1. Which of (1) within 18 Å of the chain's Cα centre (by Cα); (2) at pLDDT 95 or above; (3) within 11 Å of ligand 1 (Cβ to nearest atom) is the odd one out, the single condition Leu50 does not satisfy?
2. Could you check, for the range 86-99, whether at least one of its residues is more than 16 Å from ligand 2 (Cβ to nearest atom), in a loop (DSSP other than H, G, I, E, B), open to solvent by 20 Å² or more (accessible area, probe 1.4 Å) and over 20 Å from Thr43 (Cα atoms)?
3. Look at the range 137-160 and say how many of its residues are without any contact (Cβ under 8 Å) to a residue 40 or more places away in the chain and in a loop (DSSP other than H, G, I, E, B).
4. Only one of (1) surrounded by fewer than 20 Cβ atoms within 10 Å (Cβ to Cβ); (2) free of Cβ contacts under 8 Å to residues at least 40 places away in the same chain is not met by Thr258, so which one is it?
5. Touching a Phe, Trp or Tyr at 6+ places or on another chain (Cβ under 7 Å), in contact (Cβ under 8 Å) with a residue 12 or more places away in the chain, away from ligand 2 (no atom under 16 Å from the Cβ) and assigned to a helix (DSSP H, G or I), is that true of Leu72?
6. List the number of the failed condition for Thr168; all other conditions in (1) away from ligand 1 (no atom under 16 Å from the Cβ); (2) modelled with pLDDT of 95 or more; (3) within 22 Å of the chain's Cα centre (by Cα) hold.
Amino acid sequence: MAVYTEVADEDLAAFVARYGIGRLLSYKGIAEGVENSNFLVHTEAGHFILTLYEKRVNPADLPFFIGLMQHLAEKGINCPQPLEAEDGSMLGTLAGRPAAMVTFLDGMWVRRPRLEHCAALGQALAELHLAGRDFGMTRKNALDVSGWRPLYAGCEAEADTVVPGLSTELAQELTFLEANWPKGLPGGVIHADLFPDNVFFLGTELSGLIDFYFACTDALAYDVVICINAWCFEADGAFNVTKARALLNAYRKVRPFTEAEFAALPVLARGAALRFLLTRLYDWLRVPPGALVTPKDPTEYLKKLRFHRSATSARDYGLDG
Ligand SMILES: Nc1ncnc2c1ncn2[C@@H]1O[C@H](COP(=O)(O)OP(=O)(O)O)[C@@H](O)[C@H]1O
Ligand SMILES: N[C@@H](CCOP(=O)(O)O)C(=O)O
């Protein structure tokens with residue numbers, strides 16, 4: 001579920017009235033999602049998404065997220081466009097939470113991505129990176145290599161209850177990555193969470209990218225390997241090199257990789273796997289009894305991490321140079 005905050009009908013109607021989109025006709029909470037409360041809002045002007053930002057979103061980051069979506073939408077990226085209220089603001093307060101309204105995007109996310117979906121995603125990711133080049137704001141990645149040790153510290157004592165030996169394996173991986181993390185790669189705005197549930201398709205045509213609430217400024221190639229991890233492994237844990245090749249080739253047609261990015265792919269992929277393994281493990285160990293949110297499986301990312309540890313070059317991801 002992802003409706004953490006309930007909204008009174010009359011408060012929502014008053015909030016919607018600020019946007020000049022006609023009267024509120026109906027609304028409903030959206031079950032999907034993890035971080036924030038989302039509502040599908042129907043007014044005389046059509047459908048919109050209302051998001052109430054929950055505790056894990058730092059309100060100081062909201063101008064970056066809102067500004068980024070606006071910038072990317074203006075550049076032609078199919079992403080939610082924040083609505084401007086009659087007083088010119090794009091952020092308001094509803095039910096005691098920071099809140100924004102954005103445009104509704106048609107499409108559905110793909111449960112089992114095929115080759116053509118991976119290729120479309122690679123192209124869209126490169127287009128997003130190019131469109132972000134002249135975005136004027138920056139945001140440090142709170143979950144970059146410097147953020148992993150504190151996360152690990154919060155899981156260290158209990159990690160072995162999930163997989164025996166996991167605590168030591170994570171400690172060794174972290175030490176390796178801290179010592180070998182690539183520096184100076186081409187950087188810019190990255191989405192940082194472009195999993196299949198954040199990408200909409202109409203058939204095989206990509207119709208929208210959503211959920212920019214982990215977006216930040218970091219190495220562009222790091223965003224690419226986050227996608228490799230999320231899109232190119234099969235349900236049984238096997239790496240599908242054909243999908244990776246399709247994703248990477250479609251990406252590099254729009255934004256070619258540098259030599260340094262090429263060489264860094266295996267270590268970046270290890271880092272991306274560790275990042276999601278740690279956040280999933282952290283959440284897994286903290287699910288309150290009776291919680292309505294289903295935590296995501298950390299061991300899925302342990303298997304991916306182990307795969308990347310055996311990779312030696314970009315060839316292992318389907319690229320020849
Ligand atoms: N702009 C949008 N257009 C259409 N549906 C959206 C849009 N934004 C969010 N949604 C719906 O809300 C769900 C949760 O949104 P998401 O941003 O992923 O939430 P969270 O940040 O809580 O994970 C999505 O899976 C989708 O169904
Ligand atoms: N994609 C992350 C969790 C974040 O969820 P989202 O609904 O905000 O995309 C993971 O799979 O661990």
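The values are calculated or read from the model by the stated rules, or taken from the named source; none is laboratory data. Predicted model, so just to flag it, every value in this text is computed and none were measured. Using ideal geometry, Cβ is built from the backbone for each residue, glycine included, and neighbour counts are taken over all protein chains shown. The protein model used for the area step is the full one, side chains on, heavy atoms only, and it has no ligands, DNA or RNA in it. Shrake-Rupley method; radii C 1.70, N 1.55, O 1.52, S 1.80 Å.
1. Unmet for Leu50, out of (1) within 18 Å of the chain's Cα centre (by Cα); (2) at pLDDT 95 or above; (3) within 11 Å of ligand 1 (Cβ to nearest atom): (1).
2. Among the residues of the range 86-99, at least one is more than 16 Å from ligand 2 (Cβ to nearest atom), in a loop (DSSP other than H, G, I, E, B), open to solvent by 20 Å² or more (accessible area, probe 1.4 Å) and over 20 Å from Thr43 (Cα atoms), which makes the answer yes.
3. 2
4. (2)
5. Criteria not met by Leu72.
6. Here Thr168 meets the rest and fails (3).
Let's see how each residue does on (1) more than 14 Å from ligand 2 (Cβ to nearest atom); (2) over 20 Å from His129 (Cα atoms):
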{"residue": "Val241", "(1), (2)": "yes, yes"}
{"residue": "Leu247", "(1), (2)": "yes, no"}
{"residue": "Lys253", "(1), (2)": "yes, no"}
{"residue": "Phe257", "(1), (2)": "yes, no"}
{"residue": "Pro266", "(1), (2)": "yes, yes"}
{"residue": "Asp297", "(1), (2)": "no, yes"}
{"residue": "Leu305", "(1), (2)": "no, yes"}
{"residue": "Ala314", "(1), (2)": "yes, yes"}
